[in-house]
Structures are given as C-alpha cells and as structure tokens.
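The values are calculated or read from the model by the stated rules, or taken from the named source; none is laboratory data. As the structure is a computational prediction, the values presented were derived from the model and not from experiment. Cβ: placed from backbone, ideal geometry, glycine included. Neighbour counts: every protein chain shown.
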Amino acid sequence: MYNEIDIDKIDIKSEPPAEEPARQYYFMAKCREWAKDFEKQNGRAPQSCVVNMGCQMNARDSEKLVGILEASGFTETDTEEEADFVLYNTCTVRDNANQRVYGRLGYLKKMKQKNPNMMIALCGCMMQEETVVAKIRKSYRFVDIIFGTHNIFKLAELISERMDEKKMVVDIWKETDRIVEELPTDRKYPFKSGVNIMFGCNNFCSYCIVPYVRGRERSRNPQDIVEEIRRLVADGVVEVMLLGQNVNSYGKNLEESMTFAQLLKEVEAIDGLRRIRFMTSHPKDLSDDLIEVMKNSGKICHHLHLPLQSGSSRVLKAMNRRYTKEQYLELVEKIRAAVPDISLTTDIIVGFPGETEEDFLETMDVVRKVRFDSAFTFIYSKRTGTPAAAMEEQIPEDVVKERFDRLLSEVQKISAEVCGRDAHTVKEVLVEEKDDHVEGFVTGRLDNNTIVHFKGDSALIGQMVEVYLDESKGFYYMGTMK
C-alpha cells in the first residue's frame, strides 16, 4: 500500500481518517509540511536518529520507525549530535538496559540546552513500566514524546500532537489486539529482513518482564505474512528472519488455527526466497511437526536458538519454564537425529534465586552434553513486578560472578571446538558487508549462522557464493571464494 500512496496529495486540512493505516498517512503528510517549513528556515531537512537498544523484534520495530520518519520528511543520521529528532527504542529485560537509557538522557539534556528545538522521544519495552514513565515525567521533563510497544505505528501522529500541543506527549497502551499493516519501513539490509509473525508472550517465566510490557500473544494473519515476504523477495530479499517472543506458539489465537510448522511450509513455497531463519523457540512448544519440517526443508537454516536458562529441573520449575532437564536433553537428541548438522545456540541465566552449587553443576552438565555452538550467558537481573523479584534466597553477587565466569569459560572452550567442524569444506555464504578489519575482504554467514571472512569486494554484498573454509578461528572462519 505504501508504494501506492502519494503523501503530498493527502488533504491535511480535512479531518484525519478514523481507520488505519490511512490515519497515519494523514499525519505523515502533516509532519511533511512541517519538515518543508523547517528546510526553508534552516537550509536543510530535519534529521532524525533512531537508536535501537533491544532484541531482534526491537530492531525490526526500529526499521518501521525509521520508515515512518522518512515518509514524514526527515532524513536519517547515525549520530544523536546531528539530529533534530532523537528516538530511543528501549529494552527492559535487564536493569542495566534501563540505566543506560537514563545515562543517555542526561547527555541529551545538555544537547537540548544548546538546541532547544531538538525533540526527544522514548518508546519500547521500558516505557511500558509505570514507574519508569513516572520517573521520566518527574526528572526528565525535557523529553517530548513517550510511547510503548503496542502503538509504534502512531509515531507520526504523536509527533504531530507534540508540535500542536507544545508539551510532553505520553501515549502508553497497557494492552492491544490491533496489528496495523501497510506502513513504510526502511530496512537496514536490502538482501535480508526480519518479519514479525506475532507479538507478545503468554509464558510468564518468573524472572521475565516481557509478558508485562509486550502483552499477550497476538499472531499476524498468515496471508499478511506471506504477502509481506513476497514483496520483500520482489525487492531483493533472499533471507528472512521470522520473529516472535515464542514463534513455536504461533497461530493459537487465529480464527482459523495454523501452527508454526504449517506457516513455515507456506513461507518455503515462496519463489525466490533462499533462506528462512526464526527465533525465539521455547522448548516446551517445539513440536515433532516443526522438527519434521526442518528436516525436509531446503530453505530453513540449520540453526536453532533454543533457550535453556538452567540445567536444573528444580530451578526450571521455579522459573516456570515447564520442562525438565531430561526433557530438554531428549528434545536436543530428537532435533539432532533429524538434522545432524544443526547449530544449536542458547540462553543461560546464572544466579537465579535459590540456585545452589548443585543446581549450577546441573547447568554445566547440560552445556557439556549438548555442546552448544554458542550461548548467551546472563547474570540474573532482578526485575520489579516479576515473581522472582520477591523470592527469598537472592544469591550473593560474589557467588554469582564466580559461577558466571566458570560457565563462560566452559561455553567458550566448547564453542571454539564445535564451530570448527566445517573447516576444509565448501559452504554457501550470504555476503553481508565489507570486512571491518581487513581491507579487500568481505564478511558473510553460513547457513548455521557462523561468520566467514574472505577476499572479495563490495559488489558481492547480498549475493550467495561458494566459499572454501580454509581455517577455523574458533568463532569464525577465514575462507576463499570458489
């Protein structure tokens, strides 16, 4: 729809439409008029900077936010110092993410004192916390716009409201069942793209704040997903990443039920699409049908991110993960039997309340048995409002740090061994960018998500090429294009 709309022809003197997405295009047109006036006064278009601070879903949301800003007359800049409009798309999974935002706001305050016309906006998961919004209202009154995860599509409308009202605009939705399609998007890569297939989470792991800030699960219509991917492929995309907090539970709230395995079959049938990735998978919902689809697919990448969180069944129960250590290991065996060359990655939390040394050793046991290609290891972060935050037996910091270091050392040792298994073979690589470290080299990814560096020029970016993997460097390969 976006490519069919001439925003300059929208009548902004009329009342804004009630229906979406037409309403948002009206406000984009209104913002564009403001941008034209800005350019007349300043000799340049207003510049915007969107800073993504979170997960892959945040990154995809940020691409949509950038697209809306560009349609509204802004040009993009990578630095906050140059921007007339700064937007932080926040994360709140761990407390240090929140502290980072407060630190950046202190810096922006000084910048805004030099440039009073600068607008500052905050959105994303952190803004869904009532205590955060209250703190910003009180201590960071120079912020112009605050909105959350459920209404990012309203960015142009909120900017327009801020310009009209000349005061802070706060628009936080606690919940929604709305999914607004057909809005402009500016992709970071022309050859690959994330695609949201669902929003929210129903799992309520006891340590996790995501269900409270992202809301309940909402699956997109499969026809909308397939049509979006078809358009992306027509625009040069060869790889898509299907995104959701728990993609394995896709389709449960649709009027006509569809499983994630069935959706993957629909996506696989799209001509011109070369690679399909997805994340994140919850072990309790990973079905035999999904494993079978992965086994028989010619497009689904042989990489699966399967969060473990803990190897102790006792701790997993306290976490409300709804599987045991034994069930996790059985699932891994089943996956590897079907897809022997699968690359498995995971998330692990150290220091969950009540975790004993024996519990921790159970986690180490799983790490040694599964031999993950890589693991994202985290120290437990107490998040106010979650059941775990109120649990007794919070683990002393020095104990957690010692365990974390032991886990990290083991994970890195195993990963360095596992990731070299394809050395001296020829593999297909999707070239993604010029190498940052070696002149005349490019960087790409294997099907299993491992990085490869090899000699080549920027004309290869976006292409799938055959590369001989000369040498494993532990976490990446040096190769030679065939």
TODO: Give me a count of the residues in region 131-160 that are crowded, with 16+ Cβ neighbours inside 10 Å and not in a loop (DSSP other than H, G, I, E, B).
DONE: 15
- [ ] Within region 446-482, count every residue that is in a strand (DSSP E or B), under 13 Å from Val426 (Cα atoms) and within 22 Å of the chain's Cα centre (by Cα).
- [x] 0
TODO: Report the residue count in region 161-184 for those that are part of a loop (DSSP other than H, G, I, E, B), surrounded by fewer than 21 Cβ atoms within 10 Å (Cβ to Cβ) and either touching a helix residue (DSSP H, G or I) at 6+ places or on another chain (Cβ under 8 Å) or not acidic (Asp, Glu) (or both).
DONE: 12
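Residues are listed down the side, and each one gets a yes or a no for (1) free of Cβ contacts under 8 Å to residues at least 60 places away in the same chain; (2) within 30 Å of Ser458 (Cα to Cα); (3) of a type in the set (Asp, Glu):
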site: Val143; (1), (2), (3): yes, no, no
site: Phe153; (1), (2), (3): no, no, no
site: Lys167; (1), (2), (3): yes, no, no
site: Arg187; (1), (2), (3): no, yes, no
Open item on the list: Can you report the number of residues in region 280-301 which are under 22 Å from the mean Cα position of the chain (by Cα) and more than 21 Å from Leu329 (Cβ to Cβ)?
Closed with: 3
Open item on the list: Go through (1) closer than 19 Å to Leu408 by Cβ; (2) β-branched (Val, Ile, Thr); (3) over 25 Å from the mean Cα position of the chain (by Cα) for Thr324 and report which single condition fails.
Closed with: (1)
- [ ] Could you list, in sequence order, all residues of region 74-120 that are surrounded by fewer than 16 Cβ atoms within 10 Å (Cβ to Cβ), under 30 Å from Gly215 (Cα atoms) and not aromatic (Phe, Trp, Tyr)?
- [x] Asp95, Asn96, Gln99, Gly103, Gly106
- [ ] Mind listing whichever residues of region 417-445 are more than 23 Å from the chain's Cα centre (by Cα), closer than 22 Å to Val339 by Cα and of a type in the set (Val, Ile, Thr)?
- [x] Val418, Thr425, Val426
Open item on the list: Which condition from (1) buried (at least 20 other Cβ atoms within 10 Å of the Cβ); (2) under 27 Å from Gln223 (Cα atoms); (3) at pLDDT 95 or above; (4) of a type outside the set (Gly, Ala, Ser) is the one that Thr346 breaks?
Closed with: (2)
Open item on the list: Within region 201-215, does at least one residue satisfy the condition of being at pLDDT 90 or above and closer than 17 Å to Arg60 by Cβ?
Closed with: yes
Task: Among the candidates Arg371, Arg383, residue that is at positive phi and basic (Lys, Arg) - done: Arg371
Open item on the list: Looking only at residues that are of a type in the set (Gly, Ala, Ser) and more than 23 Å from Asn320 (Cβ to Cβ) in region 388-421, which one is surrounded by the fewest Cβ atoms within 10 Å (Cβ to Cβ)?
Closed with: Ser409
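Can you tell me how many residues in region 185-204 are in contact with a helix residue (DSSP H, G or I) (Cβ under 8 Å, 6 or more places away or on another chain), farther than 28 Å from Tyr140 by Cβ and part of a loop (DSSP other than H, G, I, E, B)? Reasoning before the result, please.
Start the filter on region 185-204 by keeping residues that are in contact with a helix residue (DSSP H, G or I) (Cβ under 8 Å, 6 or more places away or on another chain), which leaves 185-188, 193-204.
Remaining after also requiring farther than 28 Å from Tyr140 by Cβ: 185, 187-188, 193-198, 201-204.
From what is left, the residues that are part of a loop (DSSP other than H, G, I, E, B) are 185, 187-188, 197, 201-204.
Of the residues in region 185-204, 8 are in contact with a helix residue (DSSP H, G or I) (Cβ under 8 Å, 6 or more places away or on another chain), farther than 28 Å from Tyr140 by Cβ and part of a loop (DSSP other than H, G, I, E, B).
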Open item on the list: Which of the numbered conditions does Phe404 fail, given that it passes all the others? Conditions: (1) in contact with an Asp or Glu (Cβ under 9 Å, 6 or more places away or on another chain); (2) in a helix (DSSP H, G or I).
Closed with: (1)
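Within region 14-44, how many residues are of a type in the set (S, T, N, Q), in a helix (DSSP H, G or I) and touching a helix residue (DSSP H, G or I) at 6+ places or on another chain (Cβ under 9 Å)?
First, pick out the residues of region 14-44 that are of a type in the set (S, T, N, Q): 14, 24, 41-42.
Now drop any that are not in a helix (DSSP H, G or I), which leaves 24, 41-42.
Cutting the leftovers down to touching a helix residue (DSSP H, G or I) at 6+ places or on another chain (Cβ under 9 Å) gives us 24.
Summing the residues that are of a type in the set (S, T, N, Q), in a helix (DSSP H, G or I) and touching a helix residue (DSSP H, G or I) at 6+ places or on another chain (Cβ under 9 Å) in region 14-44 gives 1.
Anything in region 148-161 that is within 20 Å of Ala22 (Cα to Cα) and of a type outside the set (Gly, Ala, Ser)? List them, or say none. Show your work before the answer.
Within region 148-161, the subset within 20 Å of Ala22 (Cα to Cα) is 150-161.
Selection gives His150, Asn151, Ile152, Phe153, Lys154, Leu155, Glu157, Leu158, Ile159, Glu161.
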Open item on the list: Which residue is nearest to Met28 (Cα to Cα), if the candidates are limited to region 51-66 and must be crowded, with 19+ Cβ neighbours inside 10 Å and of a type in the set (Gly, Ala, Ser)?
Closed with: Ser62
Open item on the list: Tell me yes or no: at least one residue of region 45-55 is more than 15 Å from Arg162 (Cβ to Cβ), part of a helix (DSSP H, G or I) and in contact (Cβ under 8 Å) with a residue 12 or more places away in the chain.
Closed with: no
TODO: Report the residue count in region 229-258 for those that are out of contact with any helix residue (DSSP H, G or I) (no Cβ under 6 Å at 6 or more places or on another chain), free of Cβ contacts under 8 Å to residues at least 60 places away in the same chain, buried (at least 19 other Cβ atoms within 10 Å of the Cβ) and of a type outside the set (A, V, I, L, M, F, W, C).
DONE: 2
